[in-house]
Structures are given as structure tokens and as C-alpha cells.
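The structure under discussion appears below in the form of C-alpha cells.
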Amino acid sequence: MKIPASEAQEDMYKEAKSNYFDLPSLDVSVAFPQATPASIFPPCASDYYQFDDLLTPEEQAVRIKVRKCMEKEVAPIMAKYWEKAEFPFEVVPKLGALRVAGGSIKGYGCPNLSITANAIATAEVARVDASCSTFILVHSSLAMLTIALCGSEVQKQKYLPSLAELKTVACWALTEPDYGSDASALRTTARKVEGGWILDGQKRWIGNSTFADVLVIFARNTATNQINGFILKKNTPGLQATKIDNKIGLRIVQNGDILLKNTFVPDEDRLPGVNSFQDTNKVLAVSRVMVAWQPIGISMGVYDMCHRYLKERKQFGAPLAAFQINQQKLVQMLGNIQAMVLVGWRLCKLYEGGKMTPGHASMGKSWISLRARETVSLGRELLGGNGILADFLVAKAFCDLEPIYTYEGTYDINTLVTGREVTGIASFKPAASSNRSRL
């Protein structure tokens, strides 16, 4: 009798396996008892220049409550969810109880935080987990802020209170497969019909989209050729959102592809304050400040982890912290963080004083994310082999920083925004193709 190939292969695999092949992995504290994993989060050690003194008592209180929640509720579970690329829905009520969703929005159940307090909260969440920080940023500093700045009074009263408590979750859909940095050229269309609008098109990389109750969607008005904004509800006919798999960073964030096919949106859910792409800039101005504070928080967490690890881990009969090269790297990381915090803090003050320009925000985000990349890379070196394990935070942070370096304007695009502002010359588009020489 001829044995089917599949059965033969299965027998071969069984023979190749040891009798302990399928045993579960050792707990990291058992496998590597010399250093404490990030599930027990290290104390904060990065505020070397005591920038906390620059904060008001209210801002300091926000920092303390967010830090306590993240270290207690999120740190113990983040590596597990990151590995599985799943979202920890059980922490949403705990994040909602912090009352930071809605950030600087006043009224409608929102916390009316200062921009600085909002930024500090963003950093403290990112210090422990960048994915949770991105979840809140998309929900709060993009979707909620768009409704607050561009929505009608009825829309604000209808949507913002439950979003502020995280009883409902929102996403913000601008980016498309063909239009990322060139988002103003988006192709999703909105066609006026009796009683509302028909939306057709596709969005990509939309965080929270697979489970969002409220979706803020941008589309091109076929009559005016301008960008308009719309509020869609979960499970609207013609709406579909599916998860993007195989990411190496922000794996907990559920980024999705959104398909809109003959999707009807009633007139009452068109955002009256979005009549051109320029109307998104007032939202992006705030969100770019918040995104600039994510790399600050990530770098703080990596430094804290390295600071503890180097004192616990021993080689050649001494703690790693006793070696000169390790101290040099640690101090370089610490210096980067002091500079990053100062730039981020000044950015907040410029915004609060009505002086911040798009160039300021763009340079802050690009420069801080560049320094964070260096800082996290140094941390990766300091942890050696454990620097590639999510259990010790640094590897996860290393990967999570990469999408942040790119989203809300890539490093290069943000430098060009600032370059345009300081030179008066826009350089986003290449010179028109021509057979004639440019010389």
C-alpha cells in the first residue's frame, strides 16, 4: 500500500522532533533570572535635568496618574499582545478612567487639558507601550479633535461625551494606498444624493479601524473637487475594514484597509467645517505635537529599562554598568532625552502662546524622532542578546519607533515643511519632466 505524501511527511516530522519539542517556553524570569523583565516596569530615571519642575501641579498630577496606570495595568501584558498582534480590549476601560481622551478639548465631557498636559500624558503612555499611545492619539488627537474643531454643535454633543470616556472608539481615515505623503491628492469620492452622500474609495493604514464605533473619513466632493469630512458608524452598509497583517512595529495597533462601496452617509453626518484639505491642518498641528512626544516617551522607557538592566546584569564578575563603554552609551541616551524633552516642551509653549507654525511642529517631530532612533539603537546594543526580546522592552520599542518615524509626515517630508518655511521655496514636487536640460 502506498502511503500518502502528507502522512509520510507527518511521520517524518514526528521522528525529527524531540520528546520535549512541544513544551511551552520557560518563563523569562526562570530562563534569565539575572535581570528583571519589563512586565515589572522600572522606575523613571530619565528626568536628569528635573524638567518636572517646569510643569504645573495639574500637569504633574496627570503624569503621576498615567504613569501609575500604565506600569500597573499595561506593562504586565504588553509583550504577550505585541507578540500575537492583538489588541488588549480589557485595558480600554482603565485608559478611559484616566480621563485623558479628548485632551485639550473643552466641554462635552472632555478633560480640557493644557497642550503640555496632553503631551505629558502621551509620553507617559508611550514610555510603557507605544501601541497604546498610538491607539489614544488616533482616537483623541485626530478623530475627536476633528469633530471638536470641524463638527456641528449637534455632532459634538452626539459623539464626544462617549468618546471622551472611551465607551466608544474612533478612527481617522485620510491616507490611501496611492496617497500617503501626497494625501491632499486623495481619490476617495463623495457624491451628493438626496438626503446625504455616497462614498466610494479605499483607505489604508487606518489605526483602530477594524473595531472603531465612529470613523472620521475624508473624501473628495465630486461637485467642488474639494476635500470634505464625514462621520461614519460601525457596520454601515458598504463599509468594510480589515486588519493589515505582518507588521514589525506597533503590532498591538489594529491598522486596517478600509473599503467604501456605494456607502451612504446622511447629511447630518457631514462635518460642516471640512471644506478643503487646508481645514485638516488645524487638527494636524495639534496631533503633530502629540506625535513628537511619543518618541520622547519611548526613549524614556528604553533608558529606564537599560538603567536597571546594566546594574542587574553581570559579566566578567562585574555589573555591566561598571564598564566605561556602557556608561558612555547610557549617558548619550540620557543627553538625547534631555534635549528631546526641551524641544517638545518648547513646542507646547509655542502652541499655547499662539506662536507655533507648521514648520515648528514639523521640525520638532522630525528631529525628535531622529534622536529617538539613535537612543533606542543604543539601548538595543546595551542589552545584548536580550535586546531582541520583547520581554525586555527595548526590542519592542526599537520596532515600534519605526512607524512613528514615518507616520504624521515622514522625516523627509517634515524637514521639507520646515525648509519651505525658512526659505520660502516649496520643494515637494520634482521638476516637471522635459526633454530640455535643466542646466
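Descriptive notes on the structure:
- Residues that are of a type in the set (Gly, Ala, Ser) and modelled with pLDDT of 70 or more within segment 414-439 comprise Gly419, Gly424, Ala426, Ser427, listed in sequence order.
- For segment 229-252, a residue qualifies if it is basic (Lys, Arg) and out of contact with any Phe, Trp or Tyr (no Cβ under 6 Å at 6 or more places or on another chain), and the qualifying residues are Lys233, Lys234, Lys243, Lys247.
- Residues that are over 25 Å from Cys306 (Cβ atoms) and hydrophobic (A, V, I, L, M, F, W, C), drawn from segment 1-54: Met1, Ile3, Ala5, Ala8, Met12, Ala16, Phe21, Leu23
- Residues satisfying the stated conditions in segment 262-278, i.e. open to solvent by less than 60 Å² (accessible area, probe 1.4 Å) and either within 30 Å of the chain's Cα centre (by Cα) or closer than 12 Å to Ile217 by Cα (or both): Thr263, Val265, Asp269, Arg270, Leu271, Gly273, Val274, Ser276, Phe277
- Residue in segment 389-396 that is over 30 Å from Ser29 (Cβ atoms), open to solvent by 20 Å² or more (accessible area, probe 1.4 Å) and in a loop (DSSP other than H, G, I, E, B) present: no
- Residue match in segment 325-337 (condition: under 25 Å from Gly419 (Cα atoms), part of a helix (DSSP H, G or I) and of a type outside the set (Phe, Trp, Tyr)): yes
- Candidates Leu310, Leu347, Leu320 - the one that is under 19 Å from Gln34 (Cα atoms) and crowded, with 22+ Cβ neighbours inside 10 Å: Leu320
- Listed by first and then second residue, the pairs with beta-carbon distance under 7 Å, at least 6 apart or on different chains, first residue in segment 363-380 and closer than 15 Å to Arg346 by Cβ and modelled with pLDDT under 95, second aromatic (Phe, Trp, Tyr) and surrounded by 24 or more Cβ atoms within 10 Å (Cβ to Cβ), form an empty list.
- Residue check for Ile231: under 28 Å from Phe89 (Cβ atoms) and part of a strand (DSSP E or B): yes
- Residue list for segment 323-338, filter: open to solvent by 40 Å² or more (accessible area, probe 1.4 Å) and among the hydrophobic types (A, V, I, L, M, F, W, C): Phe323, Ile325, Val331
- Count of residues meeting criterion [under 20 Å from the mean Cα position of the chain (by Cα) and either aliphatic (A, V, I, L, M) or not in a helix (DSSP H, G or I) (or both)] in segment 347-383: 7
- Output for segment 178-209, where each listed residue is within 19 Å of the chain's Cα centre (by Cα) and either among the polar types (S, T, N, Q) or at pLDDT 95 or above (or both): Ser181, Lys203, Arg204, Trp205, Ile206, Gly207, Asn208, Ser209
The values are calculated or read from the model by the stated rules, or taken from the named source; none is laboratory data. Quick caveat, the model's predicted, so the values are computed rather than measured. Note that each Cβ is placed from the backbone with ideal geometry, even for glycine, and that neighbours are counted across all protein chains shown. Remember, those area values only see protein heavy atoms, side chains included, never the ligands or the DNA or RNA. Shrake-Rupley method; radii C 1.70, N 1.55, O 1.52, S 1.80 Å.
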